[in-house]
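The values are calculated or read from the model by the stated rules, or taken from the named source; none is laboratory data. All of these numbers come straight from a predicted model, not from anything done at the bench. Don't worry about glycine lacking a Cβ; one is built from the backbone with ideal geometry, like all the others, and counts go over all protein chains shown.
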Amino acid sequence: MSVESRGGRAQGGRGDASARPSRDAAVAELGRLLAPAVARAGFDLEEVDVRPAGRRRLVRIVVDGDDGVGLDDIAKLSETASALLDESDVMGTSPYVLEVTSPGVDRPLTEPRHWRRAVGRLVVVPLAEGGQIEGRVVAADDEAVEIEVAEKRRGKGPGKGPAKGGSAGPKTAARRRFALGELGRGRVQVEFKAPAGDTGGTGGTSPRGGAAEAAGETRSPAEPD
């Protein structure tokens with residue numbers, strides 16, 4: 001959702017040094033201002049970004065929750081964030097456009113809550129000791145992540161080594177538990193076919209998966225200017 005700033009602050013003159021605070025300062029102050037309100041609404045503030053958008057600036061706020069974020073949630077959070085920004089001097093006198101959104105499927109998995117919300121999803125993740133694995137997250141907590149990894153079983157002939165022609169046997173799934181420190185930045189893989197047994201909840205549609213998620217994050221119908 002996009003909400004254009006209102007009030008006298010957005011009409012400040014270009015010569016005022018306070019009209020446009022630095023990006024880093026604005027991001028840090030916005031995080032301190034918005035995180036408590038987002039938490040009270042039952043969500044996590046995942047990211048705050050400020051970037052130029054013509055003669056204004058785009059303030060992008062990314063939120064998430066254990067049950068996902070719906071359009072009604074985005075609309076309410078947009079109203080709350082807009083009111084807080086209009087009442088503060090965080091953005092100085094510079095006009096801005098506010099966008100509140102949920103994470104896209106390309107958001108890296110770095111925090112325990114990210115892994116918890118990725119349970120049931122196919123991921124690719126580098127290992128701290130080198131290499132990477134691909135598998136499905138089956139469990140996660142504050143200390144570790146359990147991933148079901150597909151392992152190829154090689155068929156063998158009468159002698160040593162694989163059978164003639166190098167054919168591979170069927171894949172077997174092995175559950176492996178990794179401490180968070182053993183994992184790098186995981187990435188959820190887009191799947192257009194739900195895994196067996198996953199009906200996606202009521203109506204057969206998962207709030208966090210499917211082709212719709214492949215297109216990007218949840219936003220309200222309004223798009224930024």
The lone condition residue 155 fails out of (1) in the same structural domain as residue 42 (by TED's automatic domain parsing); (2) modelled with pLDDT under 90 is (1)
Condition first: crowded, with 16+ Cβ neighbours inside 10 Å and among the charged types (D, E, K, R). Now tell me which residues in the stretch 91-126 satisfy that. 99, 107, 113, 116, 117, 121
Residue among 83, 140 that is surrounded by fewer than 21 Cβ atoms within 10 Å (Cβ to Cβ) and either free of Cβ contacts under 8 Å to residues at least 24 places away in the same chain or of a type in the set (Gly, Ala, Ser) (or both): 83
Selection from the stretch 67-80 of residues of a type outside the set (Lys, Arg) and touching a residue at least 12 places away in the same chain (Cβ under 8 Å) yields 67, 68, 69, 70, 71, 73, 74, 75, 77, 78, 79, 80
Within the stretch 167-197, take every residue that is assigned to a loop (DSSP other than H, G, I, E, B) and surrounded by fewer than 10 Cβ atoms within 10 Å (Cβ to Cβ) and give me the one that is modelled with the highest pLDDT. 192
Assess whether residue 150 counts as being at pLDDT below 95, in contact with a Ser or Thr (Cβ under 8 Å, 6 or more places away or on another chain) and surrounded by 11 or more Cβ atoms within 10 Å (Cβ to Cβ). yes
